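Data block below; observations after.
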Amino acid sequence: MKFVSPWIHTTEKCNLKCHYCYVHGKAVMPLTVYHNLGKLLLEMPTDNIHLRFAGGEPLLTFDIWKPFATSMLKHTGVTVEVLTNLIDVPESFWKFAELDNVNVSISIDNGLKVKMLDKKVVEKTSRLRNPWIMTTVTKENFKRLDIMAAFIGMNNYGWCLTTDYFEKTTPSWEELAVELFRTIKILKEFNYDFTRISFNNFSVKSGFSGCRAGDEMFAVACNGNIYKCQTLIGKPIKIGDVKHEYKRVATPVRELCKKCSIYGFCKGWCPLYHKVPNPICNVIKLFAKEIIEEVNIKEA
Ligand code: SF4
Ligand code: SF4
């Protein structure tokens with residue numbers, strides 16, 4: 001195995017109520033699950049372990065998972081990513097975030113009600129070394145991406161944009177494409193490094209694997225059950241648990257994706273929910289054309 005990357009569902013609790021969130025409940029992952037997960041990972045045939053601490057809001061239970069994360073980081077090849085809204089930050093987290101091999105990804109949508117781009121989140125983000133920003137594009141914020149672009153461009157932050165929930169809204173894909181072009185134009189004004197952006201699973205970053213749900217990537221529920229993907233937690237289709245093993249169930253690449261001009265950069269987006277052909281593929285391709293051109297110009 002080249003790598004293994006569990007999505008660790010530290011808690012179902014959250015301090016926000018995003019309209020699109022799929023997580024409900026109050027469960028918290030107990031210490032025994034971390035203990036068994038650590039054993040399972042260290043026995044796996046790879047030295048490249050990328051731990052993703054998520055939720056809910058993982059900083060609400062930072063004290064519980066910090067000892068596990070710290071002990072895992074002592075092993076060569078272990079990296080940590082914390083996916084947080086950065087609303088309530090325990091003081092001790094700032095020091096942890098400075099450790100080598102720890103990266104923080106912050107959810108900022110610049111929405112009207114949640115995950116707003118306000119002074120507080122800007123100030124907290126600036127305290128972190130090389131953070132990535134994650135933005136879920138919905139009808140609430142898609143016309144406000146220009147402000148996000150200025151924020152990202154000014155700081156050259158990594159930026160991960162997803163439209164997982166756009167399909168369920170009323171604006172058309174054409175309207176989204178217009179806003180994305182505006183966004184790219186603003187980023188160019190800041191001489192942005194486009195190797196640091198992803199749109200759904202499209203990225204020109206070297207070594208990008210695409211989604212490997214059920215194979216190198218899997219999700220661990222608070223009770224220790226293992227699922228292909230975090231969105232399947234609680235459904236009657238677990239593929240293992242941390243006390244034992246999990247059954248690797250890679251999703252085969254779709255024929256249409258294999259023939260796609262940008263397959264090497266998109267890798268088929270979401271194998272679970274994204275059907276092809278799909279109107280979003282055209283938006284991904286337009287976005288890809290702009291980004292690849294820009295990266296090639298810079299490299300020339
Ligand atoms: S067909 Fe769509 S999902 Fe598949 S690689 Fe192309 S853009 Fe990506
Ligand atoms: S299967 Fe889809 S929703 Fe699940 S991790 Fe992969 S891209 Fe995300």
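The values are calculated or read from the model by the stated rules, or taken from the named source; none is laboratory data. Since the structure is predicted, the reported quantities are computational estimates derived from the model, not experimental observations. Glycine also receives a Cβ, built like all others from the backbone with ideal geometry; neighbour counts cover every protein chain displayed.
Can you go through TYR273, TYR246, TYR263 and tell me which one is more than 10 Å from ligand 1 (Cβ to nearest atom) and closer than 22 Å to TRP173 by Cα? Before you say what the answer is, go through the steps one by one.
Working: TYR246 fails: closer than 22 Å to TRP173 by Cα; TYR263 fails: more than 10 Å from ligand 1 (Cβ to nearest atom).
Exactly one residue qualifies, and that residue is TYR273.
Spot the failing condition for VAL253; the list is (1) assigned to a helix (DSSP H, G or I); (2) within 19 Å of CYS211 (Cβ to Cβ); (3) free of Cβ contacts under 8 Å to residues at least 40 places away in the same chain, and only one is missed.
In the conditions (1) assigned to a helix (DSSP H, G or I); (2) within 19 Å of CYS211 (Cβ to Cβ); (3) free of Cβ contacts under 8 Å to residues at least 40 places away in the same chain, VAL253 misses (1) alone.
I'm checking my understanding of the structure. Among residues of region 249-260 that are within 9 Å of ligand 1 (Cβ to nearest atom) and under 30 Å from LEU41 (Cα atoms), which one is surrounded by the fewest Cβ atoms within 10 Å (Cβ to Cβ)? Before you say what the answer is, go through the steps one by one.
Going residue by residue through region 249-260, those that are within 9 Å of ligand 1 (Cβ to nearest atom) are 253-254, 256-260.
Those left that are additionally under 30 Å from LEU41 (Cα atoms): 253-254.
Details: VAL253: 13, ARG254: 16.
Among those residues, the one meeting the criterion is VAL253.
State whether the residues of region 224-232 include one that is within 13 Å of ligand 2 (Cβ to nearest atom) and exposed (fewer than 14 other Cβ atoms within 10 Å of the Cβ).
Just the residues of region 224-232 that are within 13 Å of ligand 2 (Cβ to nearest atom), to begin with: 227-232.
Then drop every residue that is not exposed (fewer than 14 other Cβ atoms within 10 Å of the Cβ), which leaves none.
No, every residue in region 224-232 fails to be within 13 Å of ligand 2 (Cβ to nearest atom) and exposed (fewer than 14 other Cβ atoms within 10 Å of the Cβ).
Determine whether ILE184 is surrounded by 14 or more Cβ atoms within 10 Å (Cβ to Cβ), touching an Asp or Glu at 6+ places or on another chain (Cβ under 6 Å), of a type in the set (A, V, I, L, M) and closer than 30 Å to SER126 by Cβ.
In short, yes.
Working carefully through the options MET217, MET154, find the one that is touching a Cys at 6+ places or on another chain (Cβ under 8 Å), at pLDDT 95 or above and either within 16 Å of ligand 2 (Cβ to nearest atom) or not β-branched (Val, Ile, Thr) (or both).
On the way: MET154 fails: touching a Cys at 6+ places or on another chain (Cβ under 8 Å).
Step by step, each of MET217, MET154 is checked, and only MET217 is touching a Cys at 6+ places or on another chain (Cβ under 8 Å), at pLDDT 95 or above and either within 16 Å of ligand 2 (Cβ to nearest atom) or not β-branched (Val, Ile, Thr) (or both).
For region 165-207, name all the residues that are out of contact with any strand residue (DSSP E or B) (no Cβ under 8 Å at 6 or more places or on another chain), outside any helix (DSSP H, G or I) and under 26 Å from CYS18 (Cβ atoms).
Residues satisfying the conditions are PHE166, GLU167, LYS168, THR169, THR170, PRO171, SER172, ASN201, PHE202.
Residue by residue through region 124-169, note down the ones that are surrounded by fewer than 16 Cβ atoms within 10 Å (Cβ to Cβ) and among the acidic types (Asp, Glu).
Listed by number, the residues that qualify are ASP146, GLU167.
Output the number of the condition that PRO236 fails; it satisfies all remaining conditions of (1) part of a loop (DSSP other than H, G, I, E, B); (2) in contact (Cβ under 8 Å) with a residue 40 or more places away in the chain; (3) surrounded by fewer than 17 Cβ atoms within 10 Å (Cβ to Cβ).
For PRO236, the failing item is (2).
Search region 259-280 for residues being closer than 17 Å to PHE208 by Cβ and more than 12 Å from ligand 2 (Cβ to nearest atom), and hand back the single one that is nearest to the chain's Cα centre (by Cα).
The extreme case among them is PHE265.
So which of HIS24, HIS75, HIS35, HIS19 is surrounded by fewer than 19 Cβ atoms within 10 Å (Cβ to Cβ) and touching a Lys or Arg at 6+ places or on another chain (Cβ under 9 Å)? First the steps, then the outcome.
Values: HIS24 fails: touching a Lys or Arg at 6+ places or on another chain (Cβ under 9 Å); HIS75 fails: touching a Lys or Arg at 6+ places or on another chain (Cβ under 9 Å); HIS35 fails: touching a Lys or Arg at 6+ places or on another chain (Cβ under 9 Å).
Unique residue meeting the criteria: HIS19.
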